[in-house]
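Read through the structure below, which is laid out as structure tokens, and then see the notes.
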Amino acid sequence: MTRVTTALGCGLALLLAASMPAQTNLFTVTEQGDLQAVSANRNGVPADQALRDLAAAMGWSIEFETERLRGLMSVNSIDVALENQGPRTVAHLLAVAGGGDVVFNDRTVLGKPMTSLIIVSPPSADTESGRQRLREWAIRWYGTFLQDDLRYDPLVEEHSMDVRMNMARMYMEQGALEEAALIYADVQTENPSHEYVPMALLRLAECRFELGEEHWPAAERACRDLMQRHPSLKPSSAGVVLLGKILNAQKRYAECIKTLTASYLRLSGTPEILDLYMLVGRAEYGLRNPENVLRTMNIVDGAHGYKELSREQWLDYLFLRGYGLLETGQHEEAMEALEIFLGTGPQDSRRGVAFILLGRTYLALERFVEARSAAIEAHNYKVGGQMDAVWSREASKFYAKTALEIGDKDEAFDKLEVEVRKGPESEPELVVYLVEAFMGERRYQKAIITSDLISELDTDLGDKARFLRIQAMWEQSLAAGGATLRSFPNRAIHYAHGVKSKERLRKVAEIFGRAYELNGEIEKAADAYRGLLRWN
């Protein structure tokens, strides 16, 4: 009789269990919109069992990295008291409390989402992966601390700003700049008068700047807000520097120079003043003002020792000084600065450009072998895609020019012709350079054909190309003589119509005067020498 009663009792218990909501002995799972939350309240639970119960409640599979780890966690008892928490956050907290860590493996099996909860050993601060995991722990803890339902807890109210700043810093260290930016923005929204707001504005601007071009306007606004609201605080000095970087990145060079030079006096004597000089030098370089670049670097020379410069500042100084010296004709000093730059900055993004500049100093000093070597180095950087379009063309021109200097003319002309035919109207300087190079080698027909590539441009370079065509036709006629020379005025007069520059028109008139004179047309020659051309 007792056995029957017991059996009936067990059956009734099973029936009741089947009719109750699905849950484990430890965790209760509830739906909160599209999300799930778990709750529990029990003391002295083995850590491994708590994780198993959570996995069962969520429908996850579970595995331990090693049996030894599972055994260690089984002897660590933890108290579990939580309400409506995210299940993955709970998994992390349980694992950490038990002496481990967790990794989730999400995948799709036969069209159904599956999740594996993998219990692994705790991270070590001795490795980068370990430090990254520790930062993730901290971020999760900070997120739990800042939950809305704890907003008015006295402890949260006292330390929430510290937690926000630390949490954002952790995100920055993880490379999660968007998440960090949102928290830094929240700091000033939460309490605009808080002492952390200036630093939060600076960090917000840094995050937005690093996120890329579409975020630069937001970075600029944060910098200007910082400078306007807190001009005397240290973060504002760093904000001026960052604003200079943003303006330079946007190629707003004149505005950058105006903004930074206005801050020279205020930042005099601070570490940031050197950054300002370098940024102004970069902006002047962007505007191609070599005299101003050199003047700015001379200010650095006169007021600061080399030991005060950081490595980045030292590389800026050498590159900018080398450029300024080269373009102002001080070739020996330019060569020295650029050689030191190339020897000091093996990873600097400006190396390809520096080889072009250095090669130009070698050419000016008639060191043709060294110039060719520099041209080859620059060409390699171009081929490697490490130069923008402007300097890529400069590399091609310089490569060809040095080939001409050492006698490898056919290769030089072949490369230049390929370059100009890619898009002559986008690089008219290269077309003009090639025309002049052909003329220097008496390849007049090539010069004529090449000049026609941009002869329709209504620009000064288009005008120069039209003039060079006439000059090439003239020199070709002189070399051929006979009927070719006699027919020159009639063939060339049409092209003379297109020349607009008064100086070039004067030279065209002299060419026609000489042609008429050689052909015995003295009256027309006299008119041409006076600047009057007869179009018929």
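Is the shape of the stretch 25-122 best called rounded, prolate or oblate, per the rule: a/c under 1.5 gives rounded, else a/b larger than b/c gives prolate, else oblate, with a ≥ b ≥ c the square roots of the Cα gyration tensor eigenvalues? If you can, show how the numbers build up before the last one.
Working: a/c = 2.16, a/b = 1.15, b/c = 1.88.
Note, shape of the stretch 25-122 comes out oblate.
Return the sequence-ordered ³J(HN,Hα) values of the stretch 431-445 in whole Hz as given by the Karplus equation 6.51 cos²θ - 1.76 cosθ + 1.60 applied to θ = phi - 60°, using x for Gly and Pro.
Rounded to whole hertz, the list is 4, 4, 4, 5, 4, 5, 5, 4, 5, x, 9, 6, 9, 5, 5.
Quick check: the angle from helix 216-229's long axis to the longest principal axis of the chain, C-alpha only, nearest 10 degrees?
80
Can you tell which of Gln36, Leu365, Gly100 lies farthest toward the positive end of the dipole of the chain, using +1 and -1 charges on the Cβ of basic and acidic side chains (Lys, Arg; Asp, Glu)?
Leu365
Could you tell me which of the pairs Lys245/Lys401; Lys409/Lys464; Lys258/Lys397; Lys245/Lys500; Lys415/Lys524 are separated by over 31 angstrom between their Cα atoms in the structure shown? Walk me through the intermediate numbers first.
Details: Lys245/Lys401 35 Å; Lys409/Lys464 24 Å; Lys258/Lys397 34 Å; Lys245/Lys500 41 Å; Lys415/Lys524 42 Å.
Violating the 31 Å Cα-Cα cut-off are Lys245/Lys401; Lys258/Lys397; Lys245/Lys500; Lys415/Lys524.
Per residue of the stretch 507-521, what does 6.51 cos²θ - 1.76 cosθ + 1.60 with θ = phi - 60° give for ³J(HN,Hα)? Whole Hz please, x for Gly and Pro, Karplus curve as stated.
In residue order, the calculated couplings are 5, 4, 4, 5, 4, 5, x, 5, 5, 4, 4, 5, 8, x, 9 Hz.
Around Phe64, which amide H atoms from residues at least 5 apart in sequence, or from another chain, sit under 5 Å from its own amide H, with H modelled in the peptide plane?
For Phe64, the qualifying residues are Ile119.
With θ set to phi - 60°, apply the Karplus curve 6.51 cos²θ - 1.76 cosθ + 1.60 along the stretch 393-399 and write out the HN-Hα couplings as whole Hz, x wherever there is a Gly or Pro.
Listing the rounded values in order: 5, 4, 4, 5, 4, 5, 4 Hz.
Give me the net charge for the shell around Leu363: Cβ to Cβ below 11 angstrom, other residues only, Lys and Arg +1, Asp and Glu -1.
Working: positive: Arg360, Arg367, Arg372, Lys401; negative: Glu366, Glu370, Glu405.
Spelling it out: positives minus negatives among the neighbours equals +1.
Give the order of Tyr264, Tyr171 when sorted by the count of other beta carbons within 10 angstrom, beginning with the fewest. Intermediate values should be presented prior to the final figure.
On the way: Tyr264 13, Tyr171 22.
The order, fewest Cβ neighbours first, is Tyr264, Tyr171.
Listing Phe341, Phe209 from the residue with the fewest other Cβ atoms within 10 Å to the one with the most, what is the order? The partial results should precede the final answer.
On the way: Phe341 25, Phe209 22.
Lowest to highest Cβ neighbour count: Phe209, Phe341.
To the nearest 20 Debye, how big is the dipole of the stretch 25-122 about its Cα centre, given +1 on the beta carbon of each Lys and Arg and -1 on that of each Asp and Glu?
Working: 7 positive and 11 negative charges, 31 e Å.
Around 140 debye, computed over the stretch 25-122.
Rounding to the nearest 10 and keeping the result within 0 to 90°, find how far the Cα-based axis of helix 2-19 lies from the longest principal axis of the chain.
30
What Rg and what Dmax come out for the stretch 485-536 when only alpha-carbon atoms are used, in angstroms?
Cα only, the stretch 485-536: 9.9, 28 Å (Rg, Dmax).
Residues with amide H under 5 Å of Val102's amide H, sequence separation 5 or more or different chain, H placed in the peptide plane at 1.01 Å from N; which?
Excluding prolines and chain starts, which carry no amide H, the hits are Val120.
What is the fewest-to-most order of Lys464, Lys422, Lys507 by other Cβ atoms lying within 10 Å of their Cβ? Present the calculation step by step, with values, prior to reporting the outcome.
Details: Lys464 23, Lys422 11, Lys507 14.
In order of increasing Cβ crowding within 10 Å: Lys422, Lys507, Lys464.
Where a ≥ b ≥ c are the square roots of the eigenvalues of the C-alpha gyration tensor, would you call the stretch 430-536 rounded, which needs a/c under 1.5, or, failing that, prolate if a/b is larger than b/c, or oblate? If you can, show how the numbers build up before the last one.
Numbers: a/c = 2.25, a/b = 1.34, b/c = 1.68.
Taking the square roots of the gyration eigenvalues as a ≥ b ≥ c, the stretch 430-536 is oblate.
According to the Kirkwood expression over distinct Cα-Cα pairs, how big is the hydrodynamic radius of the stretch 230-297, in Å? Don't skip to the end; give the middle numbers.
Details: mean 1/r = 0.0847 Å⁻¹.
The answer is 11.8 Å.
Tell me which label goes with the value of Rg/Rh (Cα atoms, Kirkwood Rh) computed from the coordinates here: (i) 0.97; (ii) 1.22; (iii) 1.81.
(ii)
Just so you know, all these numbers are worked out from the coordinates, no wet-lab data involved. Every value quoted in this text rests on a predicted model; they were computed, and no experiment measured them. All Cβ positions, glycine included, derive from the backbone under ideal geometry; neighbour counts span all protein chains shown.
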